[in-house]
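I have placed the structure first, in the form of C-alpha cells, so that the comments after it can refer back to it.
What follows is calculated from the coordinates using simple rules that are stated; it is not laboratory data. Here the structure is a predicted model, which means the values were calculated and not measured. With ideal geometry, Cβ positions are generated from the backbone for all residues, glycine too; neighbour counts draw on all protein chains shown.
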C-alpha cells in the first residue's frame, strides 16, 4: 500500500530561484523507517532531504532528521532553513519561531529581517571552534586533492569528519578544481576550502605559521568557502550552513568582529549573515519556494 506525503523543494541561502542550495522538506504525521527515508532522499537526489514531524502541544516544535542521497547526517543548515520556511510560511504562518529537535540538540529558527533588509530567517546553531591540525602528510594530501596551496588545516573537534583547508585568497577558493577521487580518498567525510574575502593581514600566531591573506575578488564579504563531500554522495555542496558553525568562530577571531557576511562560491552561490555569540553560531539567510506537491511512496 502506497503513501502520499507532502513534498516541498526550496532554494536556501538565496533570494533568487535556482540559486543557493536546494533542499527537500517532507512533513510527516507518523515516523517512517530510516531505510525508507534514505530511499526517498536517494530518489530526490538533492544534497539534503529533511523529514519533520510536529510535537504535540502549543509550542511550535518539530523533530527533524536529514538525509543525503547516501547517509543520514547529524546537522544540516540549509535544510533546516528550508524546513523553517515550510513551517512558518505554510504549516503555521502565525508563528515567528520554530524549534527543531535533532541529533545535534535543539535548533531554534526565527523569522527576521536580514541585515540588508531582506525577509529571512535566523538559525541558532551550535558553536564549533576548529582545531589546527599539525599533520604535514595530511596537508600535502589535501593540497594534492584540491590542486591548490594549503596554508593550514582546520578540523572540527566535535565532528572530526569535517576538514577545512585554509588557502591564500578568495580567487583560489573560487577557481579550485579538485580531483574528487582524491578527495574521497582522504580520511574525512568532507573537505572544504576557505579564505578571507576582505584584506586580512592579521598577525601570525604560534598555532600556525601563515602569510597575510591577500584580498580576493569578493571584497564585499568577510570570508568565502566551498565544500566537497563525495563520500556522502555530494560532489560539491552549493551552500553548507553547518560548515559555518566552524568557519564563523574561526573568522570572527581572525578578523576581530563577531558579525560577518559570508559567501559560498559554488556555481549556484550562497549568501549568509553570520554571528559568533561566544556560545552559539547564528546563521541568517533567505529562502525561495520552488516546488510544492505530493510524493507517492
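Determine the shape class of the range 31-168: with a ≥ b ≥ c the square roots of the Cα gyration tensor eigenvalues, call it rounded for a/c under 1.5, and otherwise prolate if a/b is greater than b/c, oblate otherwise. Write down the numbers at each step before the final one.
Details: a/c = 2.39, a/b = 1.68, b/c = 1.42.
Prolate is the answer for the range 31-168, as a/c is 1.5 or above and a/b outweighs b/c.
What is the gain in length, in nm to one decimal, between residue 292 and residue 185 on full extension, counting 0.36 nm per residue of separation less the C-alpha to C-alpha distance? Spell out each step's value before the answer.
Values: separation 107, 0.36 × 107 = 38.52 nm, distance 3.78 nm.
Gain in length upon complete extension: 34.7 nm.
Just need the relative contact order of the chain here, percent rounded to a whole number, with Cα pairs under 8 Å and 6+ apart. Provide the component values of the computation, followed by the final result.
Details: 747 pairs, mean separation 66.4, N = 297.
About 22 percent, as a whole number.
Report, in deg cm²/dmol and to the nearest 500, the calculated mean residue ellipticity at 222 nm for the chain, where each DSSP H run with n ≥ 4 adds -39500 (n - 2.57) and the sum is divided by the residue count.
Details: 6 runs with 55 residues, N = 297.
One gets -5500 deg cm²/dmol as the mean residue ellipticity at 222 nm.
Highest mean first, how do 218-229, 128-139 rank when packing is the count of other Cβ atoms within 10 Å averaged over residues?
Working: 218-229: 22.3, 128-139: 14.7.
The densest-packed peptide leads the list: 218-229, 128-139.
Rounded to the nearest whole Å³, what is the per residue volume of the convex hull around the Cα atoms of the range 231-270? If you can, show how the numbers build up before the last one.
Values: hull volume 3.1 nm³, N = 40.
Taking the convex hull of the Cα positions in the range 231-270, it is 79 Å³ per residue.
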Taking the range 131-276, the equivalent ellipsoid from its C-alpha gyration tensor has semi-axes in Å, biggest first, of 21, 17, 15
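Can you order the peptides 237-249, 6-18, 282-294 by their average number of other Cβ atoms within 10 Å per residue, highest first? Kindly include the intermediate steps, with their values, before the conclusion.
Numbers: 237-249: 28.0, 6-18: 20.5, 282-294: 18.4.
Result, highest mean Cβ count within 10 Å first: 237-249, 6-18, 282-294.
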With the crude spin-label approximation of a point 7 Å out along Cα→Cβ, what separation in nm comes out for residue 70 versus residue 94? 4.5
Fewest first, what order do 122, 127 take by the number of other Cβ atoms within 10 Å? 127, 122
